[in-house]
Amino acid sequence: MVIRGVAADHVALRRNNLSVVLRHVHDLGPRSRARIAEETGLNKATVSSLVAELVERGLLREGSADSSRALGRPGQLVELDGTGVCGIGAEINVEYLAVVALDLAGNVVHEKRVPVDVAHLGPGTTLDRFAELVQEAVEAVHLRGGQLAGVTLAVPGLVEGETGELKLAPNLGWSDLSVAKEMRTRLGEPAYPLHVDNEANLATLAAYAELRETDEVHDLVLLTGAVGVGGGVVAGGHLLRGAHGYSGEVGHMPVAPPGQSCGCGRTGCWETVVGLTALLRQATDRHDPVRDPRLDVEQRLAAVVERAEAGDVRTLSALQDVGTWLGIGGAILVNILNPAVLVLGGYFAVLGPWLEEPLEQALRERVLAPDGGGCRVVRSDLGFGAAVRGGAQICLDHVFADPTRLGES
């Protein structure tokens with residue numbers, strides 16, 4: 001028993017050290033083995049062995065000579081082999097399907113979004129088309145000789161992370177659907193890991209990673225909008241999922257006056273006054289092409305931006321109203337959570353130049369703490385690609401956490 005325990009400890013220690021070296025090179029750039037040893041505290045022989053294994057696994061590669069050494073024989077740099085391993089994120093949203101494949105360095109290998117009226121298509125046909133989109137991305141990874149770390153599927157609703165079951169997606173009209181099982185069947189029982197998660201959670205992880213590139217922030221709230229409205233909370237550097245993984249459904253906070261029905265069947269939900277449908281209902285006539293879900297959402301928003309820039313009174317009035325309601329609901333979240341940053345994603349980011357002023361005014365008026373509790377409002381640059389990027393990054397994070405898991409299902 002002692003021997004087995006020692007062996008298990010050795011395996012765990014090596015996995016940890018592989019992760020340390022891989023993350024170190026990813027975060028700080030190409031390094032010689034000697035420099036990695038010096039900066040991580042690992043001895044040189046151990047680092048050489050770890051680097052050799054990571055090179056063999058296609059995670060690191062030999063680079064150029066280390067020109068930073070003034071004396072002695074220059075060491076060989078090792079660098080991230082970003083092309084060797086990829087993660088895929090794919091999203092079902094109310095009006096589109098999307099997919100992205102990222103390599104280990106975060107570069108886009110494959111990307112596609114197609115406008116689809118999912119709510120009227122039904123789950124069977126939607127998942128058929130979704131599987132085709134995912135398979136196309138998988139083939140793109142394999143064509144370049146890459147290894148697939150996994151696929152994460154983003155859906156707009158309540159997801160049980162352990163089972164991959166979608167409990168409820170109000171704006172799709174779906175409930176009690178095992179998305180993971182259905183997709184595994186359609187993808188031919190793939191060997192790679194397949195995960196399912198809430199799209200707002202994944203968008204939050206992507207926005208947090210984006211923000212941390214320039215800002216040491218550890219507490220934020222993301223508000224992401226399309227037809228539905230979702231949110232995510234990072235507190236102390238950790239995504240808050242809740243007891244059963246159902247957190248983030250901020251669009252269904254009962255803050256609006258009773259009236260317009262929500263996709264969930266209730267009235268008074270926040271998204272009935274701040275969702276894209278609410279904006280277009282105020283800003284456009286019923287048969288306006290901007291309301292056509294067959295058009296890509298970015299094309300439709302570009303038309304709204306054009307009208308706002310031209311000073312269209314109806315468009316500007318609708319944006320003012322939505323921005324105010326965004327601030328009213330946002331103030332509730334800021335009062336409860338006291339985030340350092342309120343991040344606008346999805347369509348809120350696209351129309352941010354017109355939404356931010358009424359939003360910030362409402363925060364000033366309704367947040368109890370002085371100066372809005374110190375909360376800044378920023379726009380994400382990820383657009384409607386946040387959830388798929390977050391999904392792909394989760395797959396890659398598993399590799400960074402344990403490089404020996406690569407290839408396991």
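The values are calculated or read from the model by the stated rules, or taken from the named source; none is laboratory data. Every value quoted in this text rests on a predicted model; they were computed, and no experiment measured them. Ideal geometry is used to build each Cβ from the backbone, glycine not excepted, and the neighbour counts take in all protein chains shown. For accessibility, only protein heavy atoms count, side chains too; no ligands or nucleic acids. Shrake-Rupley method; radii C 1.70, N 1.55, O 1.52, S 1.80 Å.
Among the residues of segment 355-383, which ones are open to solvent by less than 60 Å² (accessible area, probe 1.4 Å), in contact with a helix residue (DSSP H, G or I) (Cβ under 6 Å, 6 or more places away or on another chain) and part of a helix (DSSP H, G or I)?
LEU355, PRO358, LEU359, ALA362, LEU363, GLY372, GLY373 - these are the residues of segment 355-383 that are open to solvent by less than 60 Å² (accessible area, probe 1.4 Å), in contact with a helix residue (DSSP H, G or I) (Cβ under 6 Å, 6 or more places away or on another chain) and part of a helix (DSSP H, G or I).
Any idea how many residues of segment 240-254 are buried (at least 18 other Cβ atoms within 10 Å of the Cβ) and hydrophobic (A, V, I, L, M, F, W, C)?
Result for segment 240-254: 1.
This table checks each residue for (1) small (Gly, Ala, Ser); (2) assigned to a helix (DSSP H, G or I).
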{"site": "GLY230", "(1), (2)": "yes, no"}
{"site": "GLY245", "(1), (2)": "yes, no"}
{"site": "PRO257", "(1), (2)": "no, no"}
{"site": "VAL273", "(1), (2)": "no, yes"}
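Are there any pairs, at least 6 apart or on different chains, whose C-beta atoms fall under 6 Å, with the first in segment 224-239 and touching a residue at least 60 places away in the same chain (Cβ under 8 Å) and the second of a type in the set (D, E, K, R), and if so, which?
GLY228/GLU271; ALA235/ASP219
Every residue in segment 168-180 that is open to solvent by 60 Å² or more (accessible area, probe 1.4 Å) and in a loop (DSSP other than H, G, I, E, B), please.
Matches in segment 168-180: GLY173 only.
Which of (1) hydrophobic (A, V, I, L, M, F, W, C); (2) open to solvent by less than 10 Å² (accessible area, probe 1.4 Å); (3) over 17 Å from the mean Cα position of the chain (by Cα) is the odd one out, the single condition LEU337 does not satisfy?
(2)
I'd like the full set of residues that are surrounded by fewer than 24 Cβ atoms within 10 Å (Cβ to Cβ) and in a loop (DSSP other than H, G, I, E, B), limited to segment 212-226.
Within segment 212-226, GLU213, THR214, ASP215, GLU216, VAL217, HIS218, ASP219 qualify.
Considering only segment 106-124, state which residues are in contact with a helix residue (DSSP H, G or I) (Cβ under 8 Å, 6 or more places away or on another chain), open to solvent by 40 Å² or more (accessible area, probe 1.4 Å) and in contact (Cβ under 8 Å) with a residue 60 or more places away in the chain.
Selection gives GLU111, ARG113, PRO115.
ARG144 fails exactly one of the following numbered conditions: (1) out of contact with any Lys or Arg (no Cβ under 8 Å at 6 or more places or on another chain); (2) open to solvent by less than 20 Å² (accessible area, probe 1.4 Å). What is the number of that condition?
With respect to (1) out of contact with any Lys or Arg (no Cβ under 8 Å at 6 or more places or on another chain); (2) open to solvent by less than 20 Å² (accessible area, probe 1.4 Å), ARG144 is out only on (2).
Residues in segment 283-293 that are under 17 Å from GLU306 (Cβ atoms), buried (at least 16 other Cβ atoms within 10 Å of the Cβ) and of a type outside the set (Ser, Thr, Tyr): how many?
Here the count works out to 3.
Go through segment 112-167 residue by residue and tally those that are part of a loop (DSSP other than H, G, I, E, B) and over 22 Å from ASP81 (Cα atoms).
Here the count works out to 9.
Do any residues in segment 192-221 that are over 19 Å from VAL399 (Cβ atoms) have Cβ atoms under 7 Å from those of residues that are outside any loop (DSSP other than H, G, I, E, B) and among the acidic types (Asp, Glu), where the two are at least six apart or on different chains, and which pairs are they?
So the pair list comes out as GLU199/GLU91.
Hey, among the residues in segment 297-331 that are out of contact with any helix residue (DSSP H, G or I) (no Cβ under 9 Å at 6 or more places or on another chain) and not in a helix (DSSP H, G or I), which one's nearest to GLY259 (Cα to Cα)?
The residue in question is GLY311.
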